[in-house]
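Coordinate-derived values only; no laboratory data. Here the structure is a predicted model, which means the values were calculated and not measured. Cβ placement follows ideal geometry from the backbone for every residue including glycine, while neighbour counts extend to all protein chains displayed.
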Amino acid sequence: MAHAAHGSNYLNAQKGLWSWLTSLDHKRIGILYFISVMTFFLLGGIAALLLRGELFAYNVANSAGEMAGQLLPSADAYNQILTYHGAIMVFMVIIPGIPAILGNIFLPLQIGAKDVAFPKLNLASWYCLMAGATLAMFTMFSTKVDTGWTFYTPYSIKSGTAVTTMVIAAFITGMSSILTGLNFIVTVHKLRCPGMTMWRMPLFVWALYSTAIIQVLATPILAITLLLLAMERTFGVGIFDPKLGGDPVLFQHFFWFYSHPAVYIMILPAMGVISELITTFSKKTIFGYTAIAYSSLGIAAVSFFVWGHHMFVSGQSEFAGVVFSFLTMLVGVPTAIKMFNWVATMYKGSISFASPMLFALGFLFLFAIGGVTGIMLAVIPVDVHFHDTYFVVAHFHYVMVGGTLMAIMGGFYYWFPKMFGKMYSEFGARMSWIFIFIGFNVTFFPQFILGAMGMPRRYFNYIPAYEPLNRISTVGSWMIAVGFLIALYTIINGLINGAKAPKNPWGSKTLEWEADSPPSVHNFDHEPVVTAGPYEYK
Amino acid sequence: MINGVPVQEHYRDASHQFASAKEGIWLFMATEILMFGGLFVGYLIFHMKYPQMFAEGAQFLDWRLGFVNTLVLIFSSLTMALGIYFCQINQPKKAVWALAITILCGAVFMVIKYFEYTHKFHMGIYPGRMLDLEMLNQHLSSIGKPAIASTNLGMYFGFYFCMSGLHGIHVILGMLMISWCLYRCMRGDFNPNYYTAVEGVGIFWHIIDLVWIFLFPLLYLVG
């Protein structure tokens, strides 16, 4: 233990499981989140592999009446696994992903604070996530909830499965999200170190701040929606029930009023990570710092006014549809501002293709496709054709996986030396990138074509014409799985055998790199004093 | 500890910590208001669609009981504010009394609510689908009033029970938190430099009162 000679750090200051489960240190809580979210990711990933496995072959009954090509026991099993995959990945992986893991560890470090504003609340929000996740897992695996992660009425009211418990579980994980967001807002407002003005904050912090605003303002709507759904199932209050004059489409309005901003809860922190990676690995001051910061706030603001684009075919008025269509295209403006600024940052930069940068470049490529197809789907006539087809599935996977997950991986490789004080194998990291990046495109690009051909989403079988592309897609999912296994091996190997990491292996300029690797319990030996912006590469 | 104030090490001083805590409370209050906001939006939509149903349903609520409850809660807001004030001027004994009266007011509110709810259950009024129109009409004919033909009266009571129920849960939570403040106040935790918990719970209590001030006309006086 080389660092033991220099004294203790946050990892070894206290020992034993109990010291971790009761820790108020934001860095340790981040590690707790890391372990739990990665476990959920593994479960959600296995569900995804099962879904793709089922779709590998077209099911046809042979002469003996047996289904050939069928992997899962039944169509119902497919629906249940689809629900597991969606609910786990959305509520337990991508929403807490970057803010709760990387944000928890690096937000205070990047603004020179000793901790987040409310350390106990921080730990409480981890326990909320764990309680919600445990309840959700228990419900899903014991009663086989089959509504999909959106819980659309009227099916969710009629379904004989334990939707109520599932909804309560989602409510509790929502609570966790609110508490994290609240904590981050106050931390950013109150705990910046001397000289760290708002306009000197790293762009990752700006992204987390914008995300936190959405978390605090949108999640309560999900809370009341889910409570009303639980009431509807328990007492039949009638608000979503047409028999009593209620309106099932109102549920969709309520649900997407949260769940569309939630999409930006997922992607904004990813954009923050990318800003850090691009500037660090281009060795160049970020281009358009202010524009990127404002565009984060802009996306947060617009996110509240676009929910109707999920409902173009749900019977909302044509006028509403047109308004939502235009508002949705507006999201493209701040997003494109970010893209152009990132590209301009790389222009004439001294670019190194270290593994975090590879993930950042992968993000730029995949997110551009995800974003542009998003604009296509905002056009009503196009959406009417593509609605509920694999085109939509491919679109949001390009944004969520190609965007957020690439950023999680890039950010994780970037900050790994700081988090654990060890270096990982660059070769392993690059191999994981190659498999994930290529596998991702092999999996999801054919789905655009399948969607354009009219293959509906959420079905466990299809007509023979769709088989070749589905086979390619399934093979791609195996490549992604191999990529993540390589990443897991690289990380574990780095933890055990990695060389000791220097303070600032990448030559970054933000504050967290001035702390030790890994940081001490109090983050900095002396309170830092900031005199310049975050990316002053000379 | 700085001047008898437990200041956590990541804050500069007591006032820094106090301002941060207060901002956290206000943000949490924003989430509370937005959560009730979902119910208010639902109410608004269906009130526009079925104004008659809301007028019909409101007849079954006793506005006098609602009015008494409104007064009780407004008075409790005053005593809550006094509780904070007495902590600020270092008179913990008076603060204990003020907080105790606030809890008592919450209890009075809940007892009145209990009688309102059970009275409705006796008439067959339950939320939504569970509303027993036959039982309700029997009750109406026994007191010489015309029968109700409406089929979606249940939805009004869906709103009534959801809105007042969620509010009632918050009143109970508020009472528990005020009790915790009361206990800490008796233990002598608070002084003019440190009364964050009372202030925070106070803000919560006022917001809950404010929600009721909107619920009272919307549920009892509508129509």
Could you point to the residue in A:Gly69, A:Ala465, A:Gly288 farthest towards the positive end of the protein assembly as shown's charge dipole, with +1 and -1 charges on the Cβ of Lys/Arg and Asp/Glu respectively? A:Gly288
Amide H neighbours of B:Asp62 under 5 Å, counting only residues 5+ apart in sequence or on other chains, H built in-plane at 1.01 Å? none
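Using Cα pairs under 8 angstrom and six or more residues apart, how large is the relative contact order of chain A, in percent? Working shown, then result.
On the way: 893 pairs, mean separation 94.5, N = 538.
So the answer I get is 18 percent.
Order of A:Lys500, B:Lys49 from fewest to most other C-beta atoms within 10 Å? Don't skip to the end; give the middle numbers.
Values: A:Lys500 12, B:Lys49 15.
Sorted ascending by nearby Cβ count, the order is A:Lys500, B:Lys49.
What's the longest bit of chain A with no exposed GluC sites (Glu not before Pro), using DSSP loop states and at most 12 other Cβ atoms within 10 Å as the test?
Values: sites that count: A:Glu66, A:Glu536.
Formally, the longest exposed-site-free interval is A:67-535.
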Can you give me the angle between helix A:119-143 and the longest principal axis of chain A, using Cα atoms only, in degrees from 0 to 90, rounded to the nearest 10? 30 degrees
Mind listing the phi-derived Karplus ³J(HN,Hα) values for segment A:469-476, rounded to whole Hz, using 6.51, -1.76 and 1.60 with θ = phi - 60°, and x for any glycine or proline? 5, 5, 5, 4, 4, 5, 4, x
Taking amide H positions as placed in the peptide plane 1.01 Å from N, state which residues far from A:Lys422 in sequence (5 or more) or on other chains have amide H under 5 Å from it. A:Ala501
Of all the Cα-Cα pairs you can form in segment B:175-222, what percent are over 14 Å apart? 59 percent
Taking the Cβ of each residue in B:Asp209, A:Asp76 as the centre, tally the other Cβ atoms inside 10 Å and list the residues starting with the fewest. A:Asp76, B:Asp209
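For A:Ile239, what charge total do you get from the other residues with a beta carbon under 15 Å from its beta carbon, if Lys and Arg give +1 and Asp and Glu give -1? Mind showing how you got there, number by number?
Numbers: positive: A:Arg233, A:Lys243, B:Lys49, B:Arg129; negative: A:Glu232, A:Asp241, A:Asp247.
Around A:Ile239, the charge tally is +1.
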Give the Rg (one decimal place) followed by the Dmax (whole number) of segment A:1-93, computed from C-alpha coordinates and expressed in Å. 22.0, 74
How large is the dipole of the protein assembly as shown about the Cα centre if only Lys and Arg carry +1 and Asp and Glu carry -1, each at its Cβ, rounded to the nearest 20 debye? 1200 debye
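Residues with beta-carbon under 15 Å from that of A:Val372, excluding A:Val372: net charge, scoring Lys, Arg +1 and Asp, Glu -1? Before the final figure, lay out the partial values.
Numbers: positive: A:Lys338; negative: A:Asp383.
Combined, the nearby Lys, Arg, Asp and Glu give 0.
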Which entries in the list A:Lys120/A:Lys422; A:Lys284/A:Lys338; A:Lys27/A:Lys418; A:Lys283/A:Lys509; A:Lys158/A:Lys243; A:Lys190/A:Lys509 go over 18 Å, if you measure between the two C-alpha atoms of each? A:Lys120/A:Lys422; A:Lys190/A:Lys509
Integer Hz, Karplus 6.51/-1.76/1.60 couplings in order for segment A:144-150, x for Gly and Pro: 6, 4, 10, 8, x, 6, 8
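Relative contact order, percent, of segment A:73-168 when contacts are C-alpha pairs under 8 Å separated by at least 6 residues?
Values: 60 pairs, mean separation 37.4, N = 96.
Worked out over segment A:73-168, it gives 39 percent.
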Computed from every Cα-Cα pair in the protein assembly as shown, P(r) in 10 Å bins starting at 0 and rounded to whole percents is 3, 13, 21, 24, 19, 13, 6, 1, 0
I need the P(r) histogram for segment A:374-437: all alpha carbon pairs, bin width 5 Å from 0 out to the longest distance, whole percents. 4, 15, 18, 16, 12, 10, 9, 7, 6, 3, 1
Taking H as built 1.01 Å from N, whose amide H comes closer than 5 Å to the amide H of A:Asp388, not counting residues under 5 places away? none
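Let me check I've understood the local charge: for B:Cys185, count other residues with C-beta under 13 angstrom from its C-beta, Lys and Arg +1, Asp and Glu -1. What total comes out? Provide the component values of the computation, followed by the final result.
Numbers: positive: B:Lys93, B:Lys94, B:Arg184, B:Arg187; negative: B:Asp189, B:Glu199.
Summing Lys and Arg as +1 and Asp and Glu as -1 gives +2.
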What shape does segment A:255-299 take by its C-alpha gyration tensor, where a ≥ b ≥ c are the square roots of the eigenvalues and a/c under 1.5 counts as rounded, a/b above b/c as prolate, and the rest as oblate? oblate
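What is the diffusion coefficient of segment A:283-433 in µm²/s, taking the Kirkwood radius over Cα pairs and the Stokes-Einstein relation at 4 °C with a viscosity of 1.567 mPa s? Could the numbers behind the result be given before it?
Numbers: Rh = 17.2 Å.
Once the numbers are plugged in, D ends up at 75 µm²/s.
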Size descriptor, Kirkwood hydrodynamic radius, that averages inverse alpha-carbon separations across segment A:421-538, Å: 18.1 Å
